[in-house]
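Please read the structure below before turning to the comments.
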Amino acid sequence: MPDINIEIGGRSFAIACEPGEEPQARAAAELLNAQAKTLQAALGRLPESRMLLMAGLMLADLQKELEWKAKDASERVADMETRLRKAESKAAALAADLELQARKAPSAEPSAAPASLFDSVELPEAMKLLESTAKRLEKLVAD
């Protein structure tokens with residue numbers, strides 16, 4: 001088990017860690033040292049145990065805050081995914097409705113079934129339908 005030296009609040013400590021974990025141990029020590037320096041700047045020299053306790057509490061507080069933010073972000077993502085699924089469903093329903101309307105529109109050849117939306121309506125009429133659909137989709141996304 002490798003021994004490494006770390007510095008926390010101007011004091012040196014020898015610690016043991018598992019092989020390969022030295023970089024992680026040093027990074028954790030740097031976080032703790034940054035908190036200890038903040039405490040020393042605000043309160044001056046503290047007994048070692050008090051400095052380590054306070055620095056640890058400050059890090060625990062930061063971790064808790066990050067957990068809350070992560071949970072909030074996760075909930076917002078889930079809400080947005082739900083809203084997106086609803087909007088996609090509404091868009092599919094609108095597209096089906098639009099296709100149905102296009103098929104019902106009178107065509108130049110009554111016996112021929114339209115191959116697509118644009119075969120069943122005149123171009124100005126198709127543009128109106130597209131604009132109307134775009135506005136409806138924009139409203140759905142905004143909701």
Conditions first: (1) surrounded by 15 or more Cβ atoms within 10 Å (Cβ to Cβ); (2) touching a Ser or Thr at 6+ places or on another chain (Cβ under 8 Å). ASN5 passes all but one, so which condition is the exception?
(1)
State all residues of region 21-52 that are within 29 Å of PRO2 (Cβ to Cβ), surrounded by 13 or more Cβ atoms within 10 Å (Cβ to Cβ) and aliphatic (A, V, I, L, M); if no residue qualifies, say none.
ALA25, ALA28, ALA29, LEU31, LEU32, ALA34, ALA36, LEU39, MET51, LEU52
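Bear in mind that the values in this text are calculations on the coordinates, not laboratory data. Computed from a predicted model, the values in this text were never measured in an experiment. Backbone-built Cβ (ideal geometry, glycine too); neighbour counts: all protein chains shown.
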